[in-house]
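Undergrad: I'd like to ask you about the structure that follows.
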Amino acid sequence: MKRSIPIFITFVSAVIMIVFYFLNQDIESVKKFQAGILNWVSIIAAFALLLGIFNLLFVNFYKLRRFNKDSIYSLVLIVSFLTITISGLVDDTSATYSWMFENMLRPLSSTMFSLLAFYVASAAFRAFRAKTKEATFLLVAAFIVMLGRVPVGAMIWGKIPLISNWIMAYPAASAQSAIMIGAALGAVSVSLKIILGIEKTYLGGEE
Amino acid sequence: MKQKVLLFSLFQLRFYSSAFATEAEEQISNSFFQVSRIPVLLGLIILCGLILYCIQIAKKGQYIFIRKIAGLNAIDDALGRATEMGKPVLYVPGIMEISDLQTLASISILGHIAKKTACYETDLYVPNRDPLVFSTAQEVVKESYLAAGRPDAFNENMVEYLTTDQFGYVAGVNGYMVREEPAANFYLGGFYAESLLLAETGNAVGAIQVAGTAIPSQIPFFISACDYTLIGEELYAAGAYLSDDPRSKGSLKGQDMGKLAIMVVTILLILFNIVYNMNISSGNDSSEGLLGKTFNVLESGMKGE
């Protein structure tokens, strides 16, 4: 019963969604149904957020109580969480809330994101080492594409940007399309297995 | 002779397509069905039919050959390495919601990996970005430990919810990698800008890394920074590949049959396009004649017009 009911709900919901996809979207009842589904999604998302908040606090209070070397992180999390939540609830346009968002959260996110530039350089260095025939091919193609994207490429030879665009438009795009078609087929297969109850791992436990 | 056969086939194709399109155009305004989506429905029926047929064959016990996927075979090696080194295993189920199929595929793989870490008595850590993915992952890991006969080895802290903030999540996972130095890292699911941040940090701490995503823009990053990468469909196939259930294996075969059907259709369309272009270059009007009209009907059908 623990598994049968969720599988039945999944099956019915999936069949309804598939049928509605093929119905005329201009019909009033179809529009109403879609609006209803969106409301359901919002309600479930709101409960999910609450679940996340309570779980986060519960786990970190528990860690703090047990007191070990990592407890300081839990303390930082609880204090930050309460400070930003209370300041936001009191007045979401308050100076404290804005200050914390602009001067603490945003710089931290930007710092993490900016690290990407360095990581790209180190990953590219590893990927472009011409150890094999394929790697050499990749290196040459990447070099042409990069050169075609900067003004100096056109200054060296006027056709470099054209070759660069051709590489992106044909070999790269066709490889990408192949991956996307394969992924779409895989997605259909997984969906079908979930709808028919063959794939049940997401419910927890046995396959 | 061959050209005549080809032209006759194209004529038939054009006849049926144009008849179908004309009827459809008349009914489109009042129809309860979205006529432009009928080709999608046909494709879906064919693909689902193939998958269901292969599942039935597999259920009857017929042998099904499945090609080796290096990334999935490497999972056991990675877990073995972590066990030998006495270091933990890190499993990142992506940053997408539970409604995303990549996440569901990833959760399925997590079940298999959790069973093995339970058997090998290796520590497992699963940080999550989405609250619903977190609760699902927690349940899956818990049940896997139970199924492996090691419920005592399960620890609530194995599966954690970190934050919904993308880079906050990266900071949390990277911090764990640097502190604990896991021996095996798995990044399976939907990833965006954080893919390289995670994979490069994992590479720097010397972990064996297996990644997989269906997002094409992130695949090159994983390929350059990880030891094994599941590309697109391989991520979806992983659950079935690792499973002993013949129905799952059958669905995998059906998926491959669908791919074969698409390849055949693609090749036919390429040939058709070549013939069409040859017709234009010989001086005929592109929108007139048998080929021109057929091509236009097919083109508008594919665009859903």
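What follows is calculated from the coordinates using simple rules that are stated; it is not laboratory data. In this text, all values refer to a predicted model and were calculated from it rather than measured experimentally. Positions of Cβ are backbone-derived with ideal geometry, glycine not excepted, and every protein chain shown enters the neighbour counts.
Undergrad: For region B:159-209, what does the alpha-carbon gyration tensor say about shape, rounded, prolate or oblate, given a ≥ b ≥ c as the root eigenvalues, a/c under 1.5 as rounded, and a/b over b/c as prolate?
TA: prolate
Undergrad: Tell me the mean residue ellipticity at 222 nm calculated for the protein assembly as shown from its helices only (DSSP H runs of n ≥ 4, each -39500 (n - 2.57), averaged over every residue, nearest 500). Walk me through the numbers before you get to the answer.
TA: Values: 20 runs with 353 residues, N = 512.
-23500 deg cm²/dmol, from helical runs alone.
Undergrad: Of all DSSP beta bridges in the protein assembly as shown, what percent run antiparallel (nearest 5)?
TA: Here the share of antiparallel DSSP bridges comes out near 5 percent.
Undergrad: Okay, next question. Enumerate by residue number the chymotrypsin sites (Phe, Trp or Tyr not before Pro) in region A:23-116 meeting two conditions: DSSP loop (anything except H, G, I, E, B), and at most 13 other Cβ atoms within 10 Å of the site's Cβ.
TA: On the way: sites: A:PHE33, A:TRP40, A:PHE47, A:PHE54, A:PHE58, A:PHE61, A:TYR62, A:PHE67, A:TYR73, A:PHE81, A:TYR97, A:TRP99, A:PHE101, A:PHE113; in loops: A:PHE67.
Passing sites in region A:23-116 are A:PHE67.
Undergrad: Roughly speaking, what % of Cα-Cα pairs in region B:130-279 are separated by over 22 Å, rounded to a whole number?
TA: 58
Undergrad: Residues of B:152-159, mean number of Cβ from any other protein chain within 10 Å of their own Cβ, rounded to a whole number? Mind showing how you got there, number by number?
TA: Details: counts 0, 0, 0, 0, 3, 4, 0, 0.
Taking the mean over all residues of the peptide, I get 1.
Undergrad: Within 10 Å of each residue's Cβ, count the other Cβ atoms and sort B:SER99, A:SER74, B:SER144 from fewest upward.
TA: Going from least to most buried by this count: B:SER99, A:SER74, B:SER144.
Undergrad: I'd like the trypsin sites (Lys or Arg not before Pro) in region B:37-121 restricted to DSSP loop residues with at most 13 other Cβ atoms within 10 Å, sorted by number.
TA: B:LYS60, B:ARG67, B:LYS68
Undergrad: How many angstrom lie between the C-alpha centres of region B:50-106 and region B:165-226?
TA: Answer, in whole Å: 18.
Undergrad: What number comes out for the charge environment of A:ILE78, summing +1 per Lys or Arg and -1 per Asp or Glu over other residues with Cβ under 12 Å away?
TA: Net charge around A:ILE78: +2.
Undergrad: Another question about this same structure. Based on the Cα coordinates of chain A, what is the per residue volume of their convex hull in Å³?
TA: 310
Undergrad: Mind checking the full-extension length gain between A:PHE20 and A:VAL120? Use 0.36 nm per residue of separation minus the Cα-Cα distance, one decimal, nm. Provide the component values of the computation, followed by the final result.
TA: On the way: separation 100, 0.36 × 100 = 36.00 nm, distance 4.33 nm.
Full-extension gain reported as 31.7 nm.
Undergrad: For the protein assembly as shown, take N as its residue count and report Rg(C-alpha) divided by 2.2 N^0.38 Å.
TA: Normalised Cα radius of gyration, the protein assembly as shown: 1.12.
Undergrad: Under a plain spin-label model, where a point goes 7 Å from the Cα along Cα-to-Cβ, how far apart in nm are A:TYR170 and A:ASP70?
TA: 5.3
Undergrad: Report Rg(Cα)/(2.2 N^0.38 Å) for region A:1-124, keeping two decimals.
TA: Normalised Rg, Cα atoms only: 1.63.
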